[in-house]
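Here's the structure, in structure tokens; my notes come after.
Every read-out reported here was derived from the displayed coordinates using simple, explicitly stated rules and does not represent laboratory data. Owing to the predicted nature of the structure, the values given are computational and were not obtained by experimental measurement. Virtual Cβ from ideal backbone geometry, glycine too; neighbours counted across all protein chains shown.
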Amino acid sequence: MFLGKVVGTLVSTQKEASLDGLKFLVVRRLTAENEEESGYVVAADAVGAGLDEVVMVATGSSARQTKFTDKRPCDAVVMAIVDSWEVSGEEKYRK
């Protein structure tokens, strides 16, 4: 799992039929200090996240274990919208 910031959406009119109905988000990884890292991932949205929200993303086989992605060919899923986090007692992010 990793923290990320939703920076965009992905629209696809031609896709595997089992992916119909899923919303796809473009997510940029964040460090524990809330700094953007290089690299992006496209993730299926299981929680209704929106642009600029900080989210928790699961990848690999774990991405297929949500109600929305079960038995679908997904490698990444947004599984939580983050309200806040702390590292070593210091708050790094608050919604």
Exercise. Considering the values (i) 48; (ii) 51; (iii) 61, which represents percent of Cα pairs over 17 Å apart as calculated for the structure under consideration?
Worked result: (i)
Problem set entry | In Hz, Karplus ³J(HN,Hα) per residue of the range 29-34 (6.51, -1.76, 1.60; θ = phi - 60°; x = Gly, Pro) | 4, 10, 7, 5, 8, 6
Problem set entry | Ranking of Leu19, Leu10, Leu3 by count of other Cβ atoms within 10 Å, fewest first | Leu10, Leu19, Leu3
Exercise. With a 10 Å Cβ neighbour count serving as the proxy for reagent exposure, in which order, fewest first, do Lys71, Lys15, Lys5 appear?
Worked result: Lys71, Lys15, Lys5
Exercise. Label point 7 Å out from Lys71 along Cα-to-Cβ: which residues of the range 13-29 have amide N under 13 Å?
Worked result: 18-19
For this session: Give the long-range amide H neighbours of Tyr93: residues separated by 5 or more places, or on another chain, with amide H under 5 Å away, using H modelled in the peptide plane at 1.01 Å from N.
Result: Trp85
Exercise. Scanning the chain for GluC sites (Glu not before Pro) in DSSP loops with at most 11 other Cβ atoms within 10 Å, what's the longest stretch left with none?
Worked result: 36-95
